[in-house]
Amino acid sequence: MREARSGDLEAIVRLHAADTLGGHGDGWNEETASAYAAAFARIVTSEDHMLFVAEAGGDVIGTFQVSLVPCLTARGATRARLEAVQVRADRRSGGVGAAMVLFAEAWARERGAAFVELTSNVARTDAHRFYARLGYAQSHLGFKKSL
């Protein structure tokens, strides 16, 4: 596990684009590269957001983002939001995803987060079982709205 570098950006976007359940199909091309580069720059210049990759043999095989969010509930606790967890299809079920989540939890704990939250597409039943095995409870109902 390591912090993502700008040279990883295309591989990260391609990981997400390969995910047919997540609806991330716009992918990496000349038209989208600048938008992804701008988002990457915003993430890596913020102390409250971190983008990581899992690497094996010099290849990016997984990625995830962790954001710290201060809140006025739970006595002003800081929550960590785990997002965009993705493992390359040929490396799934080999412990990479669990290692990424545990790494994210440790990173958040070191920065004072009281808990980790995440959302998962309702169609991802395998992912839901995965998160439950790691101790995550389905405690809230999430909503999204495109702007």
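Here the Gaussian network model covers the chain, with springs between Cα atoms less than 10 Å apart; of Ala11, Ala123, Ala54, Ala123 fluctuates the most. Restricting attention to the chain, close to 80% of DSSP beta bridges with both partner residues there are antiparallel.
Helices in the chain, meaning DSSP H runs of at least 4 residues, each add -39500 (n - 2.57). Divided by all residues, the mean residue ellipticity at 222 nm is -10000 deg cm²/dmol. Take the Cα coordinates of the stretch 60-147, assign each an equal point scatterer, and use the Debye formula without solvent to give log10 I(q)/I(0) at q = 0.20 Å⁻¹. Debye intensities relative to I(0), on a log10 scale: -1.05.
Across the stretch 134-147, computed HN-Hα scalar couplings (Karplus, 6.51 cos²θ - 1.76 cosθ + 1.60, θ = phi - 60°) run 8, x, 7, 9, 7, 9, 9, 10, x, 9, 9, 9, 6, 10 Hz from first to last residue, x flagging Gly and Pro.
Please report the antiparallel percentage of DSSP beta bridges with both residues in the stretch 67-125, rounded to the nearest 5. Antiparallel bridges: around 45 percent, rounded to the nearest 5.
Solvent-accessible surface of the chain, taken per residue with a 1.4 Å probe and all protein chains present: 65 Å². For the chain, a crude dipole built from +1 on the beta carbon of Lys and Arg and -1 on the beta carbon of Asp and Glu, taken about the Cα centre, is about 620 debye to the nearest 20.
Is the stretch 1-50 best put as rounded, prolate or oblate by its Cα gyration tensor, with a ≥ b ≥ c the root eigenvalues, rounded for a/c under 1.5, and otherwise prolate when a/b is larger than b/c, oblate when not? Prolate. For the chain, hydrophobic long helices are taken as DSSP H runs at least 30 Å long by C-alpha position along their axis with mean Kyte-Doolittle hydropathy of 1.0 or more; none is present. Over the Cα atoms of the chain, each weighted equally, I'd like the Debye log10 I(q)/I(0) at q = 0.11, 0.12, 0.16 Å⁻¹, rounded to two decimals. Here the Debye-derived log intensity ratios amount to -0.43, -0.51, -0.95. Rolling a 1.4 Å probe over the protein heavy atoms leaves Asp126 with an accessible area of roughly 100 Å². Top mean-square fluctuation among Leu82, Leu51, Leu72, Gaussian network model of the chain, C-alpha springs under 10 Å? Evaluated over the chain, the most mobile residue of the options is Leu72. Carbon-plus-sulfur fraction of the accessible area of the stretch 1-100, 1.4 Å probe, in percent? Carbon and sulfur atoms account for 49 percent of the accessible area of the stretch 1-100.
The values are calculated or read from the model by the stated rules, or taken from the named source; none is laboratory data. Just so you know, these numbers come straight off a predicted model, no measurement behind them. Note that each Cβ is placed from the backbone with ideal geometry, even for glycine, and that neighbours are counted across all protein chains shown. With ligands, DNA and RNA removed, areas are computed over all heavy atoms of the protein, side chains included. Shrake-Rupley method; radii C 1.70, N 1.55, O 1.52, S 1.80 Å.
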